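Remarks on the structure that follows.
Bear in mind these aren't lab numbers, they're just calculated from the coordinates by the rules spelled out. Bear in mind the structure is a predicted one, so any value in this text is a computation, not a measurement. So basically every Cβ, Gly included, is an ideal-geometry build from the backbone, and we count neighbours across all protein chains shown.
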Amino acid sequence: MVMINTIFPVLLMALIGYGWAKANRSPVDTKWIGNFVLFLSGPSLVLSALLNAHFIWSQFFYMFGAASFTMLLGLAVAFIYLSLLRRSARGLVLPIAFINSGNLGFSLCFYAFGQAGLQNAVIFHTATVMVLYSVGVILVAGWKHGWQFLKLPYVYVCALGILLNVTHTQLPVVLLRSVELLGQSAIPLMLFLLGWELAGITIRNAGVAITAAVLRLGTGLVASLIFIHVFHLTGVTAACILLLSSLPSAVMSHVLTSKYDNDSELTASVIAASTLLSLVTIPLILMWVSTHFIV
């Protein structure tokens, strides 16, 4: 029942987006929705989660460190794979190294582990965004574009939320409720956009795409197990690290490779393949963490 209650709402919202795109009965300005989530509702969700968190510095270190280690290992594996393929498709690096920690991560961790899970996912996602919009942009566009993450509110909102939390500063009730209300719209909109984006993707060069998708999921699992073992982690923290690290490729990888014209079709194929594979791996990982890490 826990599995159904966790996965079904996530899958249903993504399917609504997918079905809406396929039906094409009324136009949807997905760019506007994407910007709304990126610059307003998503940061509001991050801020409200951090304000309500029982903040512990070690928790921040573990989640931020796990995300960074997973991406670092993913980058190494991606470049090894490219060298074996003997091709310079740098855009292919992004869907192997970077994780869909926002669209899927927030909702899965919240439904599976409650508010504590959401808090962990917020920290993990902040690290993902910072590295994707710095290292990821450098890979596909060059050094002059490498500070794109400074244009996004996530970094500043995360810093503000931590500062307000550790100093026990309370926002006015009207402002706090407004932030929470905006944040509540982020998860369903993220999932709707995920379904919409997947509706427009077809898998090309299937062998390369499926191999890259397996590398994304497998590298994340291995990285999380190493990190958990080294730091002797248990409970919700360990469960969130395992789940988040093993999620499919970040949809934003396709956005960046399209923007800078760098292997966007192949990137989209990896995203589609990894998302399809995750329909099998996510339930298995949730069953595993629920029996090994959650009492």
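Overview of values
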read-out: The range 256-295-the range 94-161 distance, computed between alpha-carbon centres (Å); value: 15
read-out: Calculated FRET efficiency for the pair V155/L176, C-beta based, R₀ 25 Å, to 0.05; value: 0.75
read-out: Scaled radius of gyration (Cα, divided by 2.2 N^0.38 Å) that the chain gives; value: 0.95
read-out: Kyte-Doolittle mean at least -0.5, axial Cα span of 27 Å or more - DSSP H helices of the chain; value: 2-23, 57-85, 206-231, 264-292
read-out: Rg/Rh for the range 152-268, where both radii come from Cα atoms and Rh is the Kirkwood radius; value: 1.06
read-out: Chain lengthening between W147 and K31 when straightened (0.36 nm per residue, less Cα-Cα); value: 39.6 nm
read-out: Ranked packing of 224-231, 162-169, most packed first, by mean Cβ within 10 Å; value: 224-231, 162-169
read-out: 19 Å Cα-Cα reach of K259 towards lysines, excluding residues that sit fewer than 8 places from it in its own chain; value: K31, K144, K151
read-out: Positive dipole terminus of the chain, leading residue within V46, P27, I294 (C-beta point charges); value: P27
